[in-house]
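A.B. asks: One structure, as structure tokens, below. Some questions next.
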Amino acid sequence: MSKPIIDLRSDTVTKPTPAMLNAMMDAKVGDDVFGEDPTINLLEQTVAAMFGMKKALFCPSGTMTNQIAIRVHTIPQDEVICDEKSHIYNYEGGGVAYNSLVSIKLLHGDRGRLSADQIEEAIRPDDIHAPVSKLVSLENTVNKGGGAFYDLQSLKQIRDLCDKRGLKLHLDGARLFNAMVASETHPQDYGALFDSISICLSKGLGAPVGSLLLLNSEEDLRKAKRIRKVFGGGMRQAGYLAAAGLFALENNIQRLQEDHQHAQQIGAVLQSLDWIEEVLPADTNIVIFTIKDHLNVQFVLNRLQQNGVLAVPFGGKSIRFVTHLEIDKDSINKLIEILEEISINDIKVENIST
Ligand SMILES: *Cc1c(COP(=O)(O)O)cnc(C)c1O
């Protein structure tokens, strides 16, 4: 019998459970480009109401919802202010330039979190030489920041600044539900602060596909639908996917707490190992750690893989683990055993064989 795989590469690797599949099978569907898919309509209405925002638009991916939002809020030659760790900057194929013809002002935040003061300093003067500062894009939780989340007070300060200076404010909330569970906040807290929010159903919530873009006006929704169409994201009988999303929202939010506990457990064990240099605080479901300088990331990944553990290299000497709903207590215990068995001698750079 083959070893069970402990797949910690991402919280996107989960497959629908039988209960979720049943909900999908039972979905009523129609052509969503005509606005006739009752399950998508229900999902969009449910999520908009949940956040206290006017409209929501179902899309195939979080990259698409972010890219649509940026295009809705900007015109060419504008500038988007974001942290250097942002997904919109690092992991969306340069789409900000390609899709919206705008530039990016990168700031160095605290594990990917920006402060109002930092943003204020970055806003351009009214000068024909400069791009026009138009949009601030925040990420919560911050993937590259090891799942760090904002406190509401900081977000309110950023909202006030954006109001004062006439900037739009977007939230990449691919893992916003992780932030909410960890900080005991609610969707309306965020709905009240942002001009648009992207949430993913396909991360910790465990749906196979789908993201929603939340918006605050009928006009923004019309723009967003037009942009979704040109991006090729107008789907037809996608209510089967929306049904998975509704099931996820109903069943899989509170359980994120377990993923966070598991991440903390892993973080604590990593702290105690002699081959680890640094572990970022495991605030939600992501654990990023660096190994000591004379050690080799690929050797660590190979050792893990030989034992059925999958993880991703995360730049330099870093590795990322993400916990999710297919990782149970037993997987965590097994993982801890495997981590504790890794010997520093096996992962030294000089042991690279030719
Ligand atoms: C996963 C993710 C997205 C969206 O990714 P897709 O794979 O396109 O759904 C956006 N932002 C962050 C921070 C993410 O982690």
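A.B. asks: Please identify the pairs in which a residue from the range 190-215 that is touching a residue at least 12 places away in the same chain (Cβ under 8 Å) and more than 15 Å from the ligand (Cβ to nearest atom) has its Cβ atom under 6 Å from the Cβ atom of a residue that is of a type outside the set (Lys, Arg) and in a loop (DSSP other than H, G, I, E, B), counting only partners at least 6 apart or on another chain.
C.D. replies: Listed pairs, sorted by first residue: Gly191/Gly52; Gly191/Met53; Asp195/Asn216.
A.B. asks: Of the residues Ile332, Ile253, Ile266, Ile276, only one is in contact with a His (Cβ under 6 Å, 6 or more places away or on another chain) and at pLDDT 95 or above; which? Steps first, answer last, please.
C.D. replies: On the way: Ile253 fails: in contact with a His (Cβ under 6 Å, 6 or more places away or on another chain); Ile266 fails: in contact with a His (Cβ under 6 Å, 6 or more places away or on another chain); Ile276 fails: in contact with a His (Cβ under 6 Å, 6 or more places away or on another chain).
On inspection, the qualifying residue turns out to be Ile332.
A.B. asks: Could you please find all residues in the range 320-354 being part of a loop (DSSP other than H, G, I, E, B) and of a type in the set (D, E, K, R)? Working first, answer last.
C.D. replies: Going residue by residue through the range 320-354, those that are part of a loop (DSSP other than H, G, I, E, B) are 323-328, 342-343, 352-354.
Across the range 320-354, the qualifying residues are Glu326, Asp328.
A.B. asks: What pairs come out if I take residues in the range 141-163 that are under 23 Å from His73 (Cα atoms) and pair them with residues that are part of a helix (DSSP H, G or I) and within 12 Å of the ligand (Cβ to nearest atom) whose C-beta lies under 8 Å away, six or more apart or interchain?
C.D. replies: Thr141/Leu176; Thr141/Asn178; Thr141/Ala179; Tyr150/Ala179
A.B. asks: Which condition from (1) among the aliphatic types (A, V, I, L, M); (2) closer than 15 Å to Val47 by Cα; (3) buried (at least 24 other Cβ atoms within 10 Å of the Cβ) is the one that Leu246 breaks?
C.D. replies: (3)
Listed here are the residues, each with its yes/no results for (1) buried (at least 16 other Cβ atoms within 10 Å of the Cβ); (2) without any contact (Cβ under 8 Å) to a residue 24 or more places away in the chain; (3) of a type outside the set (A, V, I, L, M).
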residue	(1), (2), (3)
Tyr240	yes, no, yes
His262	yes, no, yes
Gln265	yes, no, yes
Ile276	yes, yes, no
Val279	yes, yes, no
Gln298	no, yes, yes
Phe314	yes, no, yes
Ser331	yes, no, yes
Ile336	no, no, no
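A.B. asks: Report yes if Phe289 is in contact with a helix residue (DSSP H, G or I) (Cβ under 7 Å, 6 or more places away or on another chain), without any contact (Cβ under 8 Å) to a residue 60 or more places away in the chain and of a type in the set (Phe, Trp, Tyr), otherwise no. If you could, list the steps in order and put the result at the bottom.
C.D. replies: Details: in contact with a helix residue (DSSP H, G or I) (Cβ under 7 Å, 6 or more places away or on another chain): yes; without any contact (Cβ under 8 Å) to a residue 60 or more places away in the chain: yes; of a type in the set (Phe, Trp, Tyr): yes.
Answer is yes for this residue.
A.B. asks: Give the residue, chosen from Phe34, Phe58, Phe51, that is within 17 Å of the chain's Cα centre (by Cα) and under 28 Å from Arg222 (Cα atoms). Spell out how you get there, then give the answer.
C.D. replies: Working: Phe34 fails: within 17 Å of the chain's Cα centre (by Cα); Phe51 fails: within 17 Å of the chain's Cα centre (by Cα).
Just a single option satisfies the conditions, and that option is Phe58.
A.B. asks: In the set Met53, Met64, which member is within 30 Å of Gly315 (Cα to Cα), at pLDDT 95 or above and surrounded by 21 or more Cβ atoms within 10 Å (Cβ to Cβ)? Spell out the reasoning first.
C.D. replies: On the way: Met53 fails: within 30 Å of Gly315 (Cα to Cα).
Matching residue, one of Met53, Met64: Met64.
A.B. asks: Any residue that is of a type outside the set (A, V, I, L, M, F, W, C), surrounded by fewer than 17 Cβ atoms within 10 Å (Cβ to Cβ) and over 13 Å from Phe58 (Cα atoms) - is there at least one of those in the range 199-209? Give the steps one after another, and end with the answer.
C.D. replies: At the first step, the residues of the range 199-209 found to be of a type outside the set (A, V, I, L, M, F, W, C) are 202-204, 206, 208.
Add one more test, that the residue is surrounded by fewer than 17 Cβ atoms within 10 Å (Cβ to Cβ), and what stays is none.
There is no residue in the range 199-209 that is of a type outside the set (A, V, I, L, M, F, W, C), surrounded by fewer than 17 Cβ atoms within 10 Å (Cβ to Cβ) and over 13 Å from Phe58 (Cα atoms).
Residues are listed down the side, and each one gets a yes or a no for (1) crowded, with 24+ Cβ neighbours inside 10 Å; (2) within 16 Å of the ligand (Cβ to nearest atom); (3) small (Gly, Ala, Ser):
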residue: Ser154; (1), (2), (3): no, no, yes
residue: Asp160; (1), (2), (3): no, no, no
residue: Ala182; (1), (2), (3): no, yes, yes
residue: Leu221; (1), (2), (3): no, no, no
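A.B. asks: Next question, about the same structure. Quick one: would you say Thr141 is within 14 Å of the ligand (Cβ to nearest atom) and of a type in the set (S, T, N, Q)?
C.D. replies: Values: within 14 Å of the ligand (Cβ to nearest atom): yes; of a type in the set (S, T, N, Q): yes.
Yes; evaluated as a whole, the condition is true for this residue.
A.B. asks: Here's a follow-up. Tell me which residues, restricted to the range 45-89, are closer than 22 Å to Cys162 by Cα, in contact with a Lys or Arg (Cβ under 6 Å, 6 or more places away or on another chain) and more than 16 Å from the ligand (Cβ to nearest atom).
C.D. replies: Val72, His73, Thr74, Asp78, Glu79, Ile81
The values are calculated or read from the model by the stated rules, or taken from the named source; none is laboratory data. Quick caveat: nothing in here was measured; it's all calculated off a predicted structure. When we count neighbours, we look across all protein chains shown, and the Cβ atoms used for this are built from the backbone with ideal geometry, even at glycine.
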